[in-house]
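Input: a single structure, listed below in structure tokens.
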Amino acid sequence: MLKFDIKKKDGLARVGTIYTPHGDIKTPAFVGAATRATVKALTMQEMRDLGSQAILANTYHLILRPGADLIKEASGLAEFSSWHGPTFTDSGGFQIFSLPDVKITENGARFRSYIDGSKFEMTPESSMQNQWAIGADIHMAFDHLAKSESRKDMEKAMRRTHDWLDRCVEENEKLKKEAKKNNQPEQYLYAVVQGGTFNDLRAESAKYCASKNVDGFGIGGVFTANGMAEMLKTVNSILPEDKPRHLLGMGQEPIDLFDGAENGCDTFDCVGPTRMARNGSLYTYDGRINIKNAKYTHDFTPIMPDCDCECCKNYTRAYLHHLFRTDEITAKVLASIHNEHFVVSVTNKIRESILDETFKDYKKSFLERYYG
Ligand SMILES: [Zn+2]
């Protein structure tokens, strides 16, 4: 079993440590989105320097290129990418079910590679085999994404996700035994809770996942911005307290970090912070700014004066504005360093505030200033 200690609790919120074969994750933690085994525009050294503790890659993208076997040959994701720290893989279900020509059966999903048109089939078993080959510390079960947000589709997707979870668990046990026989490091499986925006379906899914032999839980699928906190409360009140929970692809808004932590999630990931950075949209404690805006042409202050990231310590808004206007690669690098550092450090502060029992005050003051 994946070792997870809880140091402090406040309602559903908790502070803890997840112990993986590649190192510890102090939670709550923001996990960097390294979809193709890289965080866009950032080196792994830059990720370490800005305080990131873990990365999450996507199985779907990696099996298409460079292939799970190649990553296995390189001794796994952490070594291949030179990250060397704790790693997660998402199953890729979300991406596969969003493809226009995907064919879904009880067995799994058939699709063509967007790179060369070659045929692929992903089943719960092959998802587990691929994730073991990629070698992340923590895997997500292969889940089914609903084709619409209707109750009927959500319920159908949830039931199939549950059937597939049983097959993932069975295959995972086989792969675990094989790895043990070969003296390979252990890898861990999270079940994925589905149910969309329907609280009763979420509760049913949480109960189902909680009854399975898994090491933790991912919370996936769609949720409306306003309904997320309520849904997480429902789910995390049911999931066993002693196993970690990961909020898959949460929103890019800082309020999601607060809602997620307050309602019992331990780790989060989102491509939003780096994606927005590449477009020149940067977080500050007073809300997001668009650095391409003409008003920053002569602004010789940092993006955020009280930020200790490499970008804010060394460069001005005017300089970043110039880099974006001239389409320099460095613009995307510096902006990504700042945004990723922002979400990592806000999550660190959330952890500290739960520890010293000031979470509610911190949340209130942060949100009041950020959202005006
Ligand atoms: Zn900064």
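The values are calculated or read from the model by the stated rules, or taken from the named source; none is laboratory data. Computed from a prediction, not measured in an experiment: that's the story for all the values here. Don't worry about glycine lacking a Cβ; one is built from the backbone with ideal geometry, like all the others, and counts go over all protein chains shown. Ligands, DNA and RNA are stripped out before the accessible areas are found, and what is left, the full protein with its side chains, is counted by its heavy atoms. Shrake-Rupley method; radii C 1.70, N 1.55, O 1.52, S 1.80 Å.
Exactly one residue out of Lys181, Lys152, Lys147, Lys177 is in contact with a Lys or Arg (Cβ under 9 Å, 6 or more places away or on another chain) and open to solvent by 70 Å² or more (accessible area, probe 1.4 Å), and it is Lys147.
The rows are residues; the columns are (1) on the phi < 0 side of the Ramachandran plot; (2) under 16 Å from the mean Cα position of the chain (by Cα); (3) among the aliphatic types (A, V, I, L, M).
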{"site": "Gln45", "(1), (2), (3)": "yes, no, no"}
{"site": "Leu56", "(1), (2), (3)": "yes, yes, yes"}
{"site": "Tyr60", "(1), (2), (3)": "yes, yes, no"}
{"site": "Leu64", "(1), (2), (3)": "yes, no, yes"}
{"site": "His84", "(1), (2), (3)": "no, no, no"}
{"site": "Ser91", "(1), (2), (3)": "yes, yes, no"}
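Among the residues of region 308-318, what is the count of those that are open to solvent by 90 Å² or more (accessible area, probe 1.4 Å) and charged (D, E, K, R)?
If we filter region 308-318 for residues that are open to solvent by 90 Å² or more (accessible area, probe 1.4 Å), which is where we start, we get 308, 313-314.
Checking which are charged (D, E, K, R) leaves us with 308, 313.
Total meeting the criteria: 2.
Of all the criteria given as (1) more than 19 Å from Ile6 (Cα to Cα); (2) surrounded by fewer than 23 Cβ atoms within 10 Å (Cβ to Cβ); (3) in contact (Cβ under 8 Å) with a residue 24 or more places away in the chain, the one not satisfied by Tyr283 is (2).
Beta carbons closer than 7 Å, at least 6 apart along the sequence or on distinct chains, pair a first residue in region 237-264 that is over 13 Å from Phe217 (Cα atoms) with a second that is small (Gly, Ala, Ser) and assigned to a strand (DSSP E or B) for Ala261/Ala13; Glu262/Ala13.
Looking at this structure, is Phe366 more than 14 Å from the ligand (Cβ to nearest atom), crowded, with 18+ Cβ neighbours inside 10 Å and not hydroxyl-bearing (Ser, Thr, Tyr)?
Working: more than 14 Å from the ligand (Cβ to nearest atom): yes; crowded, with 18+ Cβ neighbours inside 10 Å: yes; not hydroxyl-bearing (Ser, Thr, Tyr): yes.
Answer is yes for this residue.
Does Asp327 meet the test of being open to solvent by 10 Å² or more (accessible area, probe 1.4 Å), away from the ligand (no atom under 16 Å from the Cβ) and either of a type outside the set (S, T, N, Q) or farther than 24 Å from Ala29 by Cβ (or both)?
On the way: open to solvent by 10 Å² or more (accessible area, probe 1.4 Å): yes; away from the ligand (no atom under 16 Å from the Cβ): yes; either of a type outside the set (S, T, N, Q) or farther than 24 Å from Ala29 by Cβ (or both): yes.
Criteria met by Asp327.
Scanning region 290-307 for residues that are in contact (Cβ under 8 Å) with a residue 12 or more places away in the chain, surrounded by fewer than 18 Cβ atoms within 10 Å (Cβ to Cβ) and either aromatic (Phe, Trp, Tyr) or within 15 Å of the ligand (Cβ to nearest atom) (or both) turns up Asp299, Phe300, Thr301, Asp306.
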